[in-house]
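Input: a single structure, listed below in structure tokens.
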Amino acid sequence: KGIKGISPTAYQVLEKAKEIRIMGVRSSKKEEYNNFWRAWHRKRVELRKEAKMLFSDRNTDYWRFFKKLKHTKVKELLHLSPSAIMIIDNNSFLFSYEKEFTCINITSDSISSSLSNFFDDLWRIAKK
């Protein structure tokens, strides 16, 4: 739980990442969480790792940050929005930002494949 809980795993998985897909991205969470993800993505760009992101909102400072970020493709899907989910290779992360930052990390080829297929379907219908 919390940034201290997820940070080591998120950065460790990033180092080895081949494919990064993130959906259900919202700007409306606490600024400390947005700042954590900005720093994580700066490290991702430094490592030259590509990412595809599906935002559930648009035209915010957080959204603009990612639209300008190298090695990052951003699309919006405003009507259909799953919880925040990040898929990195065979790792799937489900995030909740309600009372506190909570993450469930599942390491499974079949689950990451299923979520990746779902992401790809949403990516095809999302707007640039």
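The values are calculated or read from the model by the stated rules, or taken from the named source; none is laboratory data. If you're wondering where the values come from, they're calculated on a predicted model, not measured in any experiment. Because the Cβ atoms are built from the backbone with ideal geometry, glycine has one as well, and the counts that use them run over all protein chains shown. Only protein heavy atoms, including side chains, enter the accessible area calculation; ligands, DNA and RNA are left aside. Shrake-Rupley method; radii C 1.70, N 1.55, O 1.52, S 1.80 Å.
Being on the phi > 0 side of the Ramachandran plot, more than 12 Å from the chain's Cα centre (by Cα) and exposed (fewer than 15 other Cβ atoms within 10 Å of the Cβ) is a property that His79 lacks. Taking the criterion of being open to solvent by less than 80 Å² (accessible area, probe 1.4 Å), under 11 Å from the mean Cα position of the chain (by Cα) and charged (D, E, K, R), the only residue of the range 8-37 that qualifies is Arg21. Filtering the range 32-81 to residues that are within 20 Å of Ser96 (Cβ to Cβ) and aromatic (Phe, Trp, Tyr) leaves Tyr33, Phe36, Trp37, Trp40, Phe55, Tyr62. Just give me the residues in the range 63-116 being of a type in the set (Gly, Ala, Ser) and in contact (Cβ under 8 Å) with a residue 24 or more places away in the chain, in sequence order. Correct list: Ser81, Ser83, Ala84, Ser112, Ser116. Residues being open to solvent by less than 30 Å² (accessible area, probe 1.4 Å) and either on the phi > 0 side of the Ramachandran plot or in contact (Cβ under 8 Å) with a residue 60 or more places away in the chain (or both) are entirely absent from the range 38-50.
Out of all the residues in the range 53-60, is one or more in contact with an Asp or Glu (Cβ under 7 Å, 6 or more places away or on another chain), open to solvent by 20 Å² or more (accessible area, probe 1.4 Å) and modelled with pLDDT under 95? The answer is yes, given that some residue of the range 53-60 is in contact with an Asp or Glu (Cβ under 7 Å, 6 or more places away or on another chain), open to solvent by 20 Å² or more (accessible area, probe 1.4 Å) and modelled with pLDDT under 95.
When the residues of the range 95-120 are narrowed to those that are buried (at least 16 other Cβ atoms within 10 Å of the Cβ) and in contact with a Gly (Cβ under 9 Å, 6 or more places away or on another chain), which ends up nearest to Arg21 (Cα to Cα)? Only one residue tops the list, namely Phe95.
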